[in-house]
Ligand code: GAR
């Protein structure tokens with residue numbers, strides 16, 4: 001662990017392929033982030049196995065053990081704060097955050113959402129995109145605010161949809177993009193190039209009125 005790298009907590013609920021992309025990029029010195037701790041709200045999440053294999057501390061609470069959302073979030077934050085994280089990376093963390101939690105880490109939480117936000121917030125995005133006959137799909141890295149999937153957008157990876165593919169095939173192509181764009185955007189934060197200011201995302205001292213878009217076709 002290096003003291004001048006950005007101390008980063010990664011929050012997951014499942015398989016953790018995005019977490020793996022951070023582990024791999026950090027291992028080859030590609031990103032200036034120290035992956036301090038991985039938190040899961042599900043003990044069976046495979047991402048916890050990935051984290052332990054990489055020698056990263058893990059911690060897990062189940063929300064069913066708490067009386068309400070904020071009580072759970074306060075317990076999570078109290079635990080995470082033992083590592084003094086500067087950045088929280090939500091990587092398939094399928095929990096809605098309480099306003100208290102968002103405020104506690106204001107401007108320091110990133111999320112990745114599998115759609116070209118503001119299109120298709122919420123769940124089941126790949127099937128909804130196919131059902132609507134969309135030409136374009138992708139994924140968006142954004143800052144987290146109290147508005148679900150509504151915080152300032154930072155970086156999008158975009159691809160064209162093949163109308164004959166299944167939702168699973170489309171999901172796999174979108175996830176391959178996520179594994180490239182998410183560590184990259186988080187690294188901008190670690191380098192001090194990306195910040196949340198006045199309710200907007202700023203990159204290299206310029207406000208991002210639109211996200212940076214990478215075309216993966
Ligand atoms: C990712 O595709 C991510 O975009 C999505 O969950 C998947 C997690 O995969 N996140 C959301 O849907 C959040 N609303 P992973 O566990 O293999 O990284």
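Laboratory data are not the source of any read-out in this text; all were calculated from the coordinates shown. From a predicted model like this one, the values you see are computed outputs, not experimental measurements. Glycine also receives a Cβ, built like all others from the backbone with ideal geometry; neighbour counts cover every protein chain displayed.
Over the chain, Cα pairs under 8 Å with separation of 6+ residues give a relative contact order of 19 percent. If R0 equals 22 Å, the separation of the Cβ atoms of residue 165 and residue 215 corresponds to a calculated FRET efficiency of about 0.75. Residues 169, 32, 210, arranged from fewest to most other Cβ atoms within 10 angstrom of their Cβ, appear as 210, 169, 32.
Counted by neighbouring Cβ atoms within 10 Å, the residues 126, 137 run from fewest to most as 126, 137. Placing a label point 7 Å from the Cα of residue 136 along the Cα-to-Cβ direction, the residues of region 160-182 whose backbone N falls under 18 Å from that point are 160-163, 174-175, 177-178, 181.
Axis angle, to the nearest 10 degrees, between helix 17-27 and the longest C-alpha principal axis of the chain: 70 degrees.
Label separation (residue 146 vs residue 200): 2.2 nm, computed from points 7 Å beyond Cα along the C-beta direction.
Under the simplified labelling scheme, the residue 81-residue 66 pair shows an inter-label distance of 1.3 nm, with each label point 7 Å from Cα along Cα→Cβ. Only Cα pairs under 8 Å and 6+ residues apart enter the sum, and on that basis the relative contact order of region 18-128 stands at 20 percent. Annotation for region 66-117 versus region 158-184: alpha-carbon center distance of 25 Å. To test your reading of the geometry: what angle, between 0 and 90 degrees and rounded to tens, separates the Cα axis of helix 167-190 from the longest principal axis of the chain? That works out to roughly 50 degrees. What angle, in degrees between 0 and 90 and rounded to the nearest 10, separates the Cα long axis of helix 69-80 from the longest principal axis of the Cα atoms of the chain? The helix 69-80 is inclined about 70 degrees to the chain. Multiplying the residue separation of residue 27 and residue 4 by 0.36 nm and removing their Cα-Cα distance gives an extension gain of 6.6 nm. Annotation for residue 95 and residue 180: the two label points, set 7 Å from Cα along the Cα-Cβ direction, are 3.2 nm apart.
In terms of its alpha-carbon gyration tensor, the chain comes out rounded; the largest-to-smallest axis ratio a/c stays below the 1.5 threshold.
Going from the residue with the fewest nearby Cβ atoms within 10 Å to the one with the most, 105, 182 rank 105, 182. Secondary-structure-derived ellipticity at 222 nm for the chain, considering helices only, amounts to -9500 deg cm²/dmol, per-run term -39500 (n - 2.57) for DSSP H runs with n ≥ 4.
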